[in-house]
Amino acid sequence: MVTADTFKRGFKNGISTLIELSKVLVPVYIGVELLDASGLLNILAEFFEPVMSIFGLPGEASLIIILSYFLNIYAGLGAIAAIELDTVQLTTIAIMTSIAHSLITETAIAKKLGVSAAASIVVRVFFSVLMGILYYRMFG
């Protein structure tokens, strides 16, 4: 049964979640904006442009992929908020990072479960890249 207490707990949990996510999203967003203002984001974008073009993404998207692969999806979301992307590009990144995210943390967990760390990383990154290319070829 839904009561006033249920709404209070839900509100409290929602605020708690907002605060936790903001601890990652806000600093990453500010960091990306600082990289952009300093010109370092443009240097990074130019360096990764050839690789990112395989997925139909601008070079700046490399920062989103790197943050998502090595930190977590929320860090990638913070970077997405600071970079202008179209719907196909956002979907491409969403597909890629859904398959291979938090590689360090999740590989450590997989290893404790008896899965080869190298195999876990190779399979996840391979399918992430493959699906990014396929999605771009079909819809980009």
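For the chain, the residue among Gly59, Ile30, Asn42 whose Cα projects farthest onto the positive side of the dipole built from Cβ charges is Ile30. How many angstrom lie between the Cα centre of the range 5-32 and the Cα centre of the range 108-138? Using only Cα atoms, the two centres lie 29 Å from each other. To the nearest ten degrees, helix 117-139 and the longest principal axis of the Cα atoms of the chain are 80 degrees apart.
Calculated accessible area for the chain comes out at 62 Å² per residue, all protein chains present (probe 1.4 Å; ligands, DNA, RNA ignored).
Expressed as a whole percent, the accessible surface of the chain that belongs to carbon and sulfur atoms is 71, based on a 1.4 Å probe.
Put a dot 7 Å past the Cα of Ala37, heading toward its Cβ, do the same for Leu90, and the two dots end up 2.5 nm apart. Work out the FRET efficiency for Ile104 and Arg9 from their Cβ-Cβ distance, taking R0 = 41 Å, and round it to the nearest 0.05. Plugging the Cβ-Cβ distance into 1/(1 + (r/R0)^6) gives 0.80.
The figure for Glu46 is an accessible area of roughly 140 square angstrom, using a 1.4 Å probe on the protein chains alone.
When the dipole is taken about the Cα centre of the range 25-139, and only Lys, Arg (+1) and Asp, Glu (-1) are charged at their Cβ, what size is it in debye, to the nearest 20? Display every interim value, and only then the final one.
Numbers: 4 positive and 8 negative charges, 133 e Å.
The dipole of the range 25-139 has a size of about 640 debye.
The values are calculated or read from the model by the stated rules, or taken from the named source; none is laboratory data. Remember, predicted model here, so these are calculated numbers, not experimental data. Quick reminder, even Gly has a Cβ in these numbers, built from the backbone with ideal geometry, and neighbours come from all protein chains shown. Keep in mind that these areas ignore ligands, DNA and RNA; they rest on the heavy atoms of the full protein, side chains included. Shrake-Rupley method; radii C 1.70, N 1.55, O 1.52, S 1.80 Å.
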